[in-house]
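The structure appears right after this line, and notes come after that.
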Amino acid sequence: MFVQHNKRYTQEAVPSPCWILEEDRLKANLQIIKMIKKRSGAKVLLALKGYALWKSFDTIRPVLDGCCASGLHEALLASEEFGKEVHTYSPAYKEEEIDQIAALSHHMVFNSPAQLHRFGARAKEINPALSLGLRVNPEYSQAPPDHY
């Protein structure tokens, strides 16, 4: 359900269950993203793990460059509903899903050299245009550790 920012809705007026999106605020945030992209030259991807309200993709698509998926189902959503670049990262890809993920993705990041060795050549064979990456964990942080 798309709502206007300053309009009040009673509980009875809103169907349940539903997602409510203040479209005016979304559009204002997209204008900020558009300005940042223009100034920086950066690509901006929608992280589907945090936001997958696909009914709003028509509003978001003109500004963002694609989506970041964390597995097969998010890659399918990105490909079918967003229709732009699909960047996929998963800490552990499933053997039975790797071919389909590779076919849907423009860029895949592997979590370890072993994972890259296991699936990289196969993914490139499925999708020769696929860009491959490797997550690097330098085990170094400038931020002080959190103490609980």
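Residues considered: 72, 45, 21. Of these, the only one that is in contact with a strand residue (DSSP E or B) (Cβ under 6 Å, 6 or more places away or on another chain), under 30 Å from residue 102 (Cα atoms) and not small (Gly, Ala, Ser) is 45. Within region 56-79, being farther than 21 Å from residue 90 by Cα and crowded, with 16+ Cβ neighbours inside 10 Å holds for 56, 57, 60, 61, 63, 64. Could you check, for region 91-110, whether at least one of its residues is touching a His at 6+ places or on another chain (Cβ under 9 Å) and small (Gly, Ala, Ser)? Yes, the conditions are met somewhere in region 91-110.
Counting the residues of region 99-119 that are part of a helix (DSSP H, G or I), in contact with a strand residue (DSSP E or B) (Cβ under 9 Å, 6 or more places away or on another chain) and within 24 Å of residue 65 (Cα to Cα) gives 3. Summed over region 24-70, the residues that are at positive phi and touching a residue at least 12 places away in the same chain (Cβ under 8 Å) give a count of 1. Scanning region 80-93 for residues that are exposed (fewer than 15 other Cβ atoms within 10 Å of the Cβ) and modelled with pLDDT of 95 or more returns 80, 83. Listed conditions (1) surrounded by 11 or more Cβ atoms within 10 Å (Cβ to Cβ); (2) modelled with pLDDT of 95 or more are all met by residue 21, apart from (2).
Here's the yes/no breakdown for (1) of a type in the set (Val, Ile, Thr); (2) more than 12 Å from the chain's Cα centre (by Cα):
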| position | (1), (2) |
| --- | --- |
| 65 | no, no |
| 76 | no, no |
| 79 | no, no |
| 86 | yes, no |
| 105 | no, no |
| 112 | no, yes |
| 116 | no, yes |
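For residue 105, indicate whether it is of a type in the set (S, T, N, Q), touching a Lys or Arg at 6+ places or on another chain (Cβ under 8 Å), under 22 Å from residue 126 (Cα atoms) and at pLDDT 95 or above. No: the conditions fail for residue 105. Within the option set 120, 133, being farther than 30 Å from residue 30 by Cβ, modelled with pLDDT of 95 or more and outside the structural domain of residue 19 (by TED's automatic domain parsing) holds for one residue only, 120.
The values are calculated or read from the model by the stated rules, or taken from the named source; none is laboratory data. Owing to the predicted nature of the structure, the values given are computational and were not obtained by experimental measurement. Glycine also receives a Cβ, built like all others from the backbone with ideal geometry; neighbour counts cover every protein chain displayed.
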